[in-house]
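Asker: Can you keep this structure in mind? I'll have questions shortly.
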Amino acid sequence: MNSSFKALIFAFIVLITLCSFSQNTNKELFNRIDTYLESSVKNGFSGVVLVSKKGEIILSKGYGWADRKNKIPNSPSTVYNIGSVTKQFTASAILKLVEQKKIKISDKISSYFNQTPQDKRDISIHQLLTHTSGISNKTGGFRYNEVSKEQFLKEFFESELQSKPGTEHLYANANYIMLTAIIESVSGQTYSSFLNEYLFEPSQMKSTGYKSINFNTDRLAHGYYYNRNDEQWTDWGTTQQHLPYNQKHWYSIGKGDIHSTVEDLYKWHVALKNNVVLASETRLVQETPYVAENDEKTSFYGYGWAISQSNRNTNIVAHNGSNGLYFADFVRFIDDDVVVIYMTNVFLGRESEYVAREIGKMIFDINYNPTPISKNIYELVHEFMKTNPSVNAEKLPEFLKKELKNEFNDHAILNRIGYSRLNKEDRPDWALELLKLNVKLFPKDGNLWDSLGEAYLKYNQKEKAIHSYTKAVELGSEGSMKTLNELLKKQ
């Protein structure tokens, strides 16, 4: 056997061994991620996850229900509201116009809108893209209220700037709504048609769109929230049912509410990676860290993407988004060629926001296994109340610590539930005990003492009410002073 043939056989054996090792490693990774998510389903988790490593999809799977009533499970083809992940599509549309030489990043908005007032004339497209325009994050109304483009522009131009344009980063949805108005003005197309023609169709994304969707609406995931007053999960429906039926959607467009699937978002990642939609130079411009998002300078904003570094000093390009019910996270570990795409239609708590990052830790640390996502904290409190008499209230913090795998430290939870119960209970029971427990847990919060005083008043325990309101005033609750003075006058 000659040496070259031996080398060929050796290379073949090495290749087979490496492939086998890779398959086993990926299977083990799949099992670890799947176990984490399936364990979370038992606590109410519902969503879809796709994980890709070096161009190979390791996991693409749905968990829980897309539609509970009709028993439609989540799957990789379930369509979700992706929230502010929308922003990188809007930014990409702007950059496509730059490539078409129809606009420049340095252009001022006064070039496109004659009615621009003096204080906003020098706001540039770059500043809109990086949230450094100075516009307030309160500019614009509730996302699903009707408002025309003209009304939004009027509000934008009449609003008070929070800082001089170009000096500070302040994340504000109005920046990306304004970018959408520019896209429509320059292209002569609607936002939806421009994105479809230049972004979605070239990327083969057939299940992505804003309002103009062309797939079966049964594929839309319903949003669910825990109603703490009714003490049960409630079906909010789908975003399509809440968006204005007409074109007066200018509190929503451009900054959020695009619909997509994990499969389509992965196609988008591949299209970006292979320069299908934008040139490689343009993509680098989009993923440049222009401005710090926080004082620690651990994350920077590019054009529709947030850029940060892993603890391995590799680049992460990501963006998440939510409308308060749905949550999506699109995380690209650029240097590692790893992608994690995550969507959920059930917000259980802050842990629901960390799923993609937890999976990222699992990918790069074979010994890392996160604890399952806990139940919604309001649901946990109500569960405890249903199985315990109110005299056991002081056992609640330990129960929550056990279930949440963490110390209970939120001042507002018991206050909200206590208030809700106060409207339902005619005699002292859980409402009073929860509010008493809350001031014991957080004795320096004047607002909590005020709430306890209100409960004591309802149950005609005036001396205790006076004590509670006195504590509230001492701790700076100015609104408690009037009630306290009235009680003292009646003594």
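The values are calculated or read from the model by the stated rules, or taken from the named source; none is laboratory data. In this text the structure is predicted, and so the values were computed from the model without any measurement. Neighbour counts run over all protein chains shown; Cβ positions are idealised from the backbone, glycine included. Each accessible area value is taken on the protein alone, full model and side chains, heavy atoms only, with ligands, DNA and RNA left out. Shrake-Rupley method; radii C 1.70, N 1.55, O 1.52, S 1.80 Å.
Asker: Keeping to segment 350-362, report how many residues are open to solvent by 20 Å² or more (accessible area, probe 1.4 Å) and either without any contact (Cβ under 8 Å) to a residue 60 or more places away in the chain or more than 17 Å from the chain's Cα centre (by Cα) (or both).
Answerer: If we filter segment 350-362 for residues that are open to solvent by 20 Å² or more (accessible area, probe 1.4 Å), which is where we start, we get 350-351, 353-354, 357-358, 361.
Narrowing further to those that are either without any contact (Cβ under 8 Å) to a residue 60 or more places away in the chain or more than 17 Å from the chain's Cα centre (by Cα) (or both): 350-351, 353-354, 357, 361.
Qualifying residue count, segment 350-362: 6.
Asker: Would you call VAL439 under 30 Å from GLY349 (Cα atoms), open to solvent by 70 Å² or more (accessible area, probe 1.4 Å), in a helix (DSSP H, G or I) and in contact (Cβ under 8 Å) with a residue 12 or more places away in the chain?
Answerer: Details: under 30 Å from GLY349 (Cα atoms): yes; open to solvent by 70 Å² or more (accessible area, probe 1.4 Å): no; in a helix (DSSP H, G or I): yes; in contact (Cβ under 8 Å) with a residue 12 or more places away in the chain: yes.
Judged against the criteria, VAL439 is not a match.
Asker: Going through segment 442-463 one residue at a time, which ones are open to solvent by 30 Å² or more (accessible area, probe 1.4 Å), under 35 Å from the mean Cα position of the chain (by Cα) and polar (S, T, N, Q)?
Answerer: ASN447
Asker: Further, regarding this structure: Please specify each residue of segment 375-410 satisfying the condition of being loosely packed, with under 14 Cβ neighbours inside 10 Å, touching an Asp or Glu at 6+ places or on another chain (Cβ under 8 Å) and in contact (Cβ under 8 Å) with a residue 12 or more places away in the chain.
Answerer: VAL391
Asker: Continuing with this model, one more query. Is there a residue in segment 281-302 that is under 23 Å from PHE194 (Cβ atoms), part of a loop (DSSP other than H, G, I, E, B), open to solvent by less than 50 Å² (accessible area, probe 1.4 Å) and not aliphatic (A, V, I, L, M)?
Answerer: Yes; the residues of segment 281-302 include at least one that is under 23 Å from PHE194 (Cβ atoms), part of a loop (DSSP other than H, G, I, E, B), open to solvent by less than 50 Å² (accessible area, probe 1.4 Å) and not aliphatic (A, V, I, L, M).
Asker: Please determine whether any residue of segment 81-88 is in contact (Cβ under 8 Å) with a residue 40 or more places away in the chain and small (Gly, Ala, Ser). Talk me through it step by step, then tell me what you get.
Answerer: We begin by selecting, within segment 81-88, every residue in contact (Cβ under 8 Å) with a residue 40 or more places away in the chain; these are 81-88.
Still in the list and also small (Gly, Ala, Ser): 83-84.
Yes, segment 81-88 has at least one match.
Asker: So, one more: Step by step: first the residues of segment 41-77, then only those that are in contact with a Leu (Cβ under 8 Å, 6 or more places away or on another chain) and not in a strand (DSSP E or B), then the one that is most open to solvent (accessible area, probe 1.4 Å). Which residue is that?
Answerer: The qualifying residue most open to solvent (accessible area, probe 1.4 Å) is ASN43.
Asker: Scanning segment 464-475 for residues that are part of a helix (DSSP H, G or I) and of a type outside the set (Ser, Thr, Tyr), which turns out most open to solvent (accessible area, probe 1.4 Å)?
Answerer: Kept after step one, since they are part of a helix (DSSP H, G or I), are these residues of segment 464-475: 464-474.
Next, from what is left, pick out any that are of a type outside the set (Ser, Thr, Tyr): 464-467, 471-474.
On the way: LYS464: 106, ALA465: 0, ILE466: 20, HIS467: 105, LYS471: 63, ALA472: 0, VAL473: 40, GLU474: 131 Å².
My answer is GLU474.
Asker: Here's a follow-up. The conditions are (1) in a strand (DSSP E or B); (2) in contact (Cβ under 8 Å) with a residue 24 or more places away in the chain, and ILE307 fails exactly one of them. Which is it?
Answerer: Condition (2) is where ILE307 drops out.
Asker: When the residues of segment 442-452 are filtered to those that are touching a Leu at 6+ places or on another chain (Cβ under 8 Å) and in a helix (DSSP H, G or I), which remaining residue is nearest to ASN392 (Cα to Cα)?
Answerer: In the first step, residues of segment 442-452 are kept if they are touching a Leu at 6+ places or on another chain (Cβ under 8 Å); the result is 442, 444-446, 448-449, 451-452.
With the extra rule that they be in a helix (DSSP H, G or I), the set shrinks to 446, 448-449, 451-452.
Values: GLY446: 25, LEU448: 20, TRP449: 21, SER451: 20, LEU452: 18 Å.
So the residue we want is LEU452.
Yes/no matrix, rows are residues, columns are (1) surrounded by 23 or more Cβ atoms within 10 Å (Cβ to Cβ); (2) of a type outside the set (Gly, Ala, Ser):
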| residue | (1), (2) |
| --- | --- |
| GLN88 | yes, yes |
| GLU99 | no, yes |
| LYS102 | no, yes |
| SER110 | no, no |
| ASP119 | no, yes |
| THR132 | yes, yes |
| ILE135 | yes, yes |
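Asker: Another question, then. Pick out the one residue from GLU478, GLU486, GLU407, GLU425 that is in a helix (DSSP H, G or I) and not small (Gly, Ala, Ser). Step through it out loud before you land on a result.
Answerer: Numbers: GLU478 fails: in a helix (DSSP H, G or I); GLU407 fails: in a helix (DSSP H, G or I); GLU425 fails: in a helix (DSSP H, G or I).
Just one listed residue meets the conditions, GLU486.
Asker: Are there any pairs with C-beta distances below 8 angstrom linking a residue in segment 335-349 that is closer than 13 Å to SER52 by Cα to a residue that is of a type in the set (Asp, Glu), with the two at least 6 apart or on different chains, and if so which?
Answerer: From residues that are closer than 13 Å to SER52 by Cα, the pairs are VAL340/ASP329; ILE341/ASP329; TYR342/ASP329.
Asker: Conditions first: (1) more than 20 Å from the chain's Cα centre (by Cα); (2) modelled with pLDDT of 95 or more. ASN367 passes all but one, so which condition is the exception?
Answerer: (2)
Asker: Quick one: which helices (runs of 4 or more DSSP H) sit completely within segment 140-225 and have at least 2 residues that are open to solvent by 20 Å² or more (accessible area, probe 1.4 Å) and among the charged types (D, E, K, R)?
Answerer: Numbers: elements: 149-158, 173-187, 191-195.
Qualifying helices (runs of 4 or more DSSP H): 149-158.
Asker: Can you spot a residue in segment 235-243 that is closer than 30 Å to ILE109 by Cβ and in a loop (DSSP other than H, G, I, E, B)?
Answerer: Let us first name the residues in segment 235-243 that are closer than 30 Å to ILE109 by Cβ, namely 239, 242-243.
With in a loop (DSSP other than H, G, I, E, B) added as a condition, the list becomes 243.
The answer is yes; a qualifying residue exists.
Asker: Which residues, counting only those in segment 217-271, are among the polar types (S, T, N, Q) and within 25 Å of TYR176 (Cα to Cα)?
Answerer: Narrowing segment 217-271 to residues among the polar types (S, T, N, Q): 217, 227, 229, 232, 234, 238-241, 246-247, 252, 260-261.
Those that are among the polar types (S, T, N, Q) and within 25 Å of TYR176 (Cα to Cα): THR238, THR239, GLN240, GLN241, ASN246, GLN247, SER252, SER260, THR261.
Asker: I'd like to know if segment 94-101 contains one or more residues that are more than 30 Å from GLN241 (Cα to Cα), in contact with a strand residue (DSSP E or B) (Cβ under 7 Å, 6 or more places away or on another chain) and not in a helix (DSSP H, G or I).
Answerer: Narrowing segment 94-101 to residues more than 30 Å from GLN241 (Cα to Cα): 95-101.
Within this subset, residues satisfying the condition of being in contact with a strand residue (DSSP E or B) (Cβ under 7 Å, 6 or more places away or on another chain) are none.
No, because not a single residue in segment 94-101 is more than 30 Å from GLN241 (Cα to Cα), in contact with a strand residue (DSSP E or B) (Cβ under 7 Å, 6 or more places away or on another chain) and not in a helix (DSSP H, G or I).
Asker: Given the criteria open to solvent by less than 30 Å² (accessible area, probe 1.4 Å) and part of a helix (DSSP H, G or I), does LEU278 qualify?
Answerer: Values: open to solvent by less than 30 Å² (accessible area, probe 1.4 Å): yes; part of a helix (DSSP H, G or I): no.
Criteria not met by LEU278.
Asker: Would it be correct to say that LEU422 is hydrophobic (A, V, I, L, M, F, W, C), touching a residue at least 12 places away in the same chain (Cβ under 8 Å) and open to solvent by less than 30 Å² (accessible area, probe 1.4 Å)?
Answerer: Numbers: hydrophobic (A, V, I, L, M, F, W, C): yes; touching a residue at least 12 places away in the same chain (Cβ under 8 Å): yes; open to solvent by less than 30 Å² (accessible area, probe 1.4 Å): yes.
The answer is yes for LEU422.
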